[in-house]
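The next block holds one structure in the form of structure tokens; read it before the comments.
The values are calculated or read from the model by the stated rules, or taken from the named source; none is laboratory data. If you're wondering where the values come from, they're calculated on a predicted model, not measured in any experiment. Here the Cβ is made from the backbone with ideal geometry for all residues, glycine too, and neighbour counts use every protein chain on show.
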Amino acid sequence: MTARVAIVTGGTRGIGKAISIALKNAGRKVAANYSGNDDAAKAFTAETGIPHYKFDVSNFKACQEAVAKIVADLGPIEILVNNAGITRDGTIHKMDLDQWQAVIDTNLGSCFNMCRAVIDGMRHKSFGRIVNIGSINGQMGQYGQVNYAAAKSGIHGFTKALAQEGAAKGVTVNAIAPGYVDTDMVRAVPPAVLEKIIARIPVGRLGHAEDVARGVLFLTADDADFITGSTLSINGGQHMY
């Protein structure tokens, strides 16, 4: 059988990198999206052999054009992992409109942009696996992150609605809500604050990117066809929802 083609947004660093590598190791043909760090993307491709594609997932037209190129290069898209995300933290009384809009557009708007670009092809083939990466903070909120929490919470609702639309056509749509994972974003948290975060995680450690990647492999497997509209929480027991 021809290898299934997967796109991973934000796929060259952090959690996205682990997902891209896991999918490749599972026999998928992977295209990794990124938006800004050219050096990291080149190093990623040199290390993994996975091609990288630079485009802005918050831009609808850019997503349409990029997906068309990936299809031309690799074949029809059958797996999509919406992982791209940014933070622009601040309490709402100090947050400006740009901070709000950038996070909503990149974290939530990208899910629409990318799903819209691939859904027709998936419906035509009667097969698709979409996994949207939400967050523990979209489930329980977080001080100083009204934009991020709103976007991630929106992803969970988006997932449930699209799952209902895709089910009859063999397209499953699920979400993963990671807890605090040992990435560059989390390492930037002040050590004293990070200690308090870890103290609230029952398993006693931060997550690893590979923990999330294993969840993606599970949800994108060919025989995961009876799982749709679900949110898989991978958070070490920090929030049981």
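Just a few scattered comments:
Table: residues versus (1) more than 29 Å from A72 (Cα to Cα); (2) modelled with pLDDT under 95; (3) over 19 Å from the mean Cα position of the chain (by Cα); (4) in a strand (DSSP E or B).
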site: A117; (1), (2), (3), (4): no, no, no, no
site: R123; (1), (2), (3), (4): no, no, yes, no
site: R129; (1), (2), (3), (4): no, no, no, yes
site: N132; (1), (2), (3), (4): no, no, no, yes
site: Q139; (1), (2), (3), (4): yes, yes, no, no
site: A168; (1), (2), (3), (4): no, no, yes, no
site: A192; (1), (2), (3), (4): yes, yes, yes, no
site: V203; (1), (2), (3), (4): yes, no, yes, no
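- Top-ranked residue of the range 104-131 - restricted to ones that are within 22 Å of A167 (Cα to Cα) and among the hydroxyl-bearing types (S, T, Y), ranked as surrounded by the fewest Cβ atoms within 10 Å (Cβ to Cβ): S126
- Checklist (1) in contact (Cβ under 8 Å) with a residue 40 or more places away in the chain; (2) out of contact with any Pro (no Cβ under 9 Å at 6 or more places or on another chain); (3) farther than 15 Å from E165 by Cβ applied to Q101, failing item: (1)
- G10 meets all of the listed conditions (1) crowded, with 24+ Cβ neighbours inside 10 Å; (2) in a helix (DSSP H, G or I) but one, namely (2).
- Pair list, Cβ < 7 Å and 6+ apart or interchain, from the range 1-19 residues that are touching a residue at least 24 places away in the same chain (Cβ under 8 Å) to residues that are among the aromatic types (F, W, Y) and not in a strand (DSSP E or B): T12/F44; K17/F44
- Qualifying positions in the range 209-237 - among the small types (G, A, S), farther than 24 Å from A161 by Cβ and either surrounded by 16 or more Cβ atoms within 10 Å (Cβ to Cβ) or in contact with a Ser or Thr (Cβ under 8 Å, 6 or more places away or on another chain) (or both): A209, A213, G236
- Pairs meeting the criteria (first residue in the range 41-70 and in a helix (DSSP H, G or I), second residue small (G, A, S), beta carbons under 6 Å, at least 6 apart or on different chains) are C63/A117; Q64/A117; V67/A117; I70/A31.
- Condition check for T87: at pLDDT below 95, in a loop (DSSP other than H, G, I, E, B) and touching a Phe, Trp or Tyr at 6+ places or on another chain (Cβ under 7 Å): yes
- Evaluation of T45 against (1) modelled with pLDDT of 95 or more; (2) out of contact with any strand residue (DSSP E or B) (no Cβ under 6 Å at 6 or more places or on another chain); (3) closer than 25 Å to V212 by Cβ (one fails), failing number: (2)
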